[in-house]
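A.B. asks: I have a structure I would like to understand better, so I am pasting it below and will then ask my questions one at a time.
The values are calculated or read from the model by the stated rules, or taken from the named source; none is laboratory data. Remember, predicted model here, so these are calculated numbers, not experimental data. Virtual Cβ from ideal backbone geometry, glycine too; neighbours counted across all protein chains shown. Quick note on the areas: whole protein, heavy atoms, side chains included, nothing else; ligands and nucleic acids left out. Shrake-Rupley method; radii C 1.70, N 1.55, O 1.52, S 1.80 Å.
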Amino acid sequence: MTAAGTPIAVVTGASSGIGAATARQLAAAGYRVVVTARRKDRIEALAAEINEAGHQATAYALDVTDRAAVDEFATAFRTIGVLVNNAGGALGADPVATGSPDDWRQMYETNVIGSLNVTQALLPALEASGDGAVVILSSTAGHATYEGGGGYVAAKNGARVLAETLRLEIVGRPVRVIEIAPGMVKTEEFATTRFRGDTEKAAKVYAGVAEPLTADDVAETITWAVTRPSHVNIDLLVVRPRAQASNTKVHREL
């Protein structure tokens, strides 16, 4: 699935937002990107865009929570240079007392089990490259709680712990484990999906914030981290907009 000498980067959740932006930037950095997501039309359009720009991309429709499908996907690779576990997301902002267990379960499945599935399946190919990198996209939610975020915070804590534990367990092997924890990022779908299409609620998340992070900001951070010399591991990089001091302290010009 790659030209000789061209490292492969697999990006999950690449149909929009941070995943799509990361695929574009990794392709521009010289990787052959394999973009995966459930929405086949979106990733095929992205791969076509990247190829038309003179880079290399392949689309593969994949649900990261389907372990059998993930294992089948993994058989296509002998070596992989980079895995970006980006698939995830938030659902709802209800308090613990009334939050939906189904929402909590789905967030855990996508943010944690999905990353576990893909990482386990591709780890042999990452190690076989002699210089692999696993990126876990957590969140500042994985490092501090906030009201109404219990389910998402729990899931992103799981993603954070996955990264920390894996790094301990594979030390000495030629695979780096990198956690990127973004704060407030304004993308076309994150908040709208969280509030199930309620664009008014989604807009309030960013109300008065002059410059929240963009998907490109986070993608640039990911690309920088994986392109450091192979002996350099960016264990954890927290990135927020200047207007956000913490998950609950945001400067708004209202």
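A.B. asks: Starting from the residue with the highest accessible area, list 126, 254 in decreasing order, probe 1.4 Å.
C.D. replies: 254, 126
A.B. asks: I want the local charge near residue 57. Using Cβ-Cβ distances under 11 Å, sum +1 for each Lys or Arg and -1 for each Asp or Glu among the other residues.
C.D. replies: -1
A.B. asks: Heavy-atom accessible area per residue, region 60-200, 1.4 Å probe: how many Å²?
C.D. replies: 44 Å²
A.B. asks: Let me ask something else about it. How large is ³J(HN,Hα) for each residue in region 55-60, as worked out from phi by the Karplus curve 6.51 cos²θ - 1.76 cosθ + 1.60 (θ = phi - 60°), to whole Hz, x for Gly and Pro?
C.D. replies: Couplings: 9, 10, 8, 9, 9, 9 Hz.
A.B. asks: Right, next: In whole percent, how big is the carbon plus sulfur part of the accessible area of the chain, probe 1.4 Å, protein atoms only?
C.D. replies: That fraction is 51 percent.
A.B. asks: Pairs of Cα atoms under 8 Å, at least six residues apart: use those to get the relative contact order of region 170-254, whole percent.
C.D. replies: 44 percent
A.B. asks: Okay, next question. Taking every pair of distinct Cα atoms and averaging 1/r, then inverting, what Kirkwood hydrodynamic radius in Å comes out for region 1-115?
C.D. replies: Radius from the Kirkwood sum: 14.8 Å.
A.B. asks: Just to confirm a number: summing +1 for Lys and Arg and -1 for Asp and Glu over residues other than residue 137 whose beta-carbon lies under 12 angstrom from that of residue 137, what do you get?
C.D. replies: +1
A.B. asks: In addition: Which FRET efficiency value, to the nearest 0.05, do you get for residue 52 and residue 102 by plugging their Cβ-Cβ distance into 1/(1 + (r/R0)^6) with R0 = 41 Å?
C.D. replies: Approximately 0.50, to the nearest 0.05.
A.B. asks: Rounded to whole Å and ordered largest first, report the semi-axes of the equivalent ellipsoid of the chain derived from its Cα gyration tensor (root of 5λ).
C.D. replies: Semi-axes, largest first: 29, 19, 18 Å.
A.B. asks: Pop a pseudo-label 7 angstrom from the Cα along the beta-carbon direction at both residue 196 and residue 220 and give the gap in nm to one decimal.
C.D. replies: 3.7 nm
A.B. asks: Ranked by accessible surface with a 1.4 Å probe, highest first, in what order do 196, 167 come?
C.D. replies: If we order 196, 167 from most to least accessible, we get 196, 167.
A.B. asks: Follow-up. Whole-Hz ³J(HN,Hα) for each residue in region 24-36, computed from phi via Karplus 6.51 cos²θ - 1.76 cosθ + 1.60 with θ = phi - 60°, x for glycine and proline: what do you get?
C.D. replies: Running phi through 6.51 cos²θ - 1.76 cosθ + 1.60 with θ = phi - 60° gives 4, 6, 5, 4, 5, 7, x, 8, 8, 8, 10, 9, 10 Hz.
A.B. asks: In whole Å, what are the Cα extents of region 141-194 along the three principal axes, biggest one first?
C.D. replies: In descending order, the Cα extents are 41, 23, 15 Å.
A.B. asks: Residues with amide H under 5 Å of residue 239's amide H, sequence separation 5 or more or different chain, H placed in the peptide plane at 1.01 Å from N; which?
C.D. replies: For residue 239, whose amide H was placed from the backbone, the distant partners under 5 Å are 181, 183.
A.B. asks: Stretch residue 144-residue 235 to full length: gain in nm at 0.36 nm per residue minus the Cα-Cα span?
C.D. replies: Full extension of this stretch gives 31.0 nm more.
A.B. asks: Would you tally the net charge around residue 197, using a Cβ to Cβ cut-off of less than 15 Å, leaving residue 197 out, and scoring K and R as +1, D and E as -1?
C.D. replies: With Lys, Arg at +1 and Asp, Glu at -1, the neighbours total -1.
A.B. asks: Just to confirm the number: angle between the C-alpha axis of helix 114-128 and the first principal axis of the chain, 0 to 90 degrees, nearest 10?
C.D. replies: Once rounded, the angle reads 30 degrees.
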